[in-house]
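Any read-out appearing in this document is the output of simple, stated calculations on the displayed coordinates, not a laboratory observation. Predicted model only: the values in this text are computed from it and were never measured. Every residue, glycine as well, gets a Cβ built from its backbone with ideal geometry; the counts of neighbours run over all protein chains shown.
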Amino acid sequence: MPAIDESKPLGLILVFPGAPETPHSVVGLRGLYRSDSPTPIGGDGELTVDEAKAAIDAGAPLALVNIAAKELDAVRAQVEADIAAARTGAVAARQEGPVGAEAGVLNDQLDAVKG
């Protein structure tokens, strides 16, 4: 991976070989992450750089990347759309009354996308 310039916009990208190019949650970490588009960090309401580095150090399948300043608004809009869709899906799933492991997975997803 190229060197990271921490003076420029930063993001996290999912590095999980074979993962589909859809949003994924990482247990214990706020946000959703894709392999094809970064999730911005360091801004208002976003994961901090220190939180991101700690998650990577703890084994999260994520990598720190720079985001081109001209792409930042579009990337943030995609993340907002992903989170809105995940919240809607979680509400629908909860109405189906999941039990056991399904309930646990749903709770992890809700923790990742709650506002």
Anything in the chain that counts as a DSSP H helix reaching 15 Å or more along its axis (C-alpha) with Kyte-Doolittle mean of at least -1.0? List them, would you?
72-95, 101-113
Any residue on another chain or 5+ positions along whose placed amide H is under 5 Å from the amide H of Ile67 is listed here as Leu10, Gly11
In debye to the nearest 20, how big a dipole does the chain give about its Cα centre with +1 on each Lys and Arg Cβ and -1 on each Asp and Glu Cβ?
120 debye
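Of the GluC sites (Glu not before Pro) in the stretch 1-65, which ones lie in a loop per DSSP and count no more than 12 other C-beta atoms within 10 Å?
Passing sites in the stretch 1-65 are Glu6, Glu21.
Sort the following peptides by mean Cβ neighbour count (other Cβ atoms within 10 Å, averaged over residues), highest first: 66-75, 26-35.
Highest to lowest by the protection proxy: 26-35, 66-75.
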Amide proton proximity set for Arg34, modelled H, under 5 Å, gap of 5+:
Leu14, His24, Thr39
List every residue whose amide H lies under 5 Å from the amide H of Leu62, counting only residues 5 or more places away in sequence or on a different chain, with H placed 1.01 Å from N in the peptide plane.
Val15
Please report Leu12, Leu106 as a ranked list, fewest other C-beta atoms within 10 angstrom at the top and most at the bottom.
Leu106, Leu12
With no solvent and one point per C-alpha, what does the Debye sum give as log10 I(q)/I(0) for the chain at q = 0.15 Å⁻¹?
-0.66
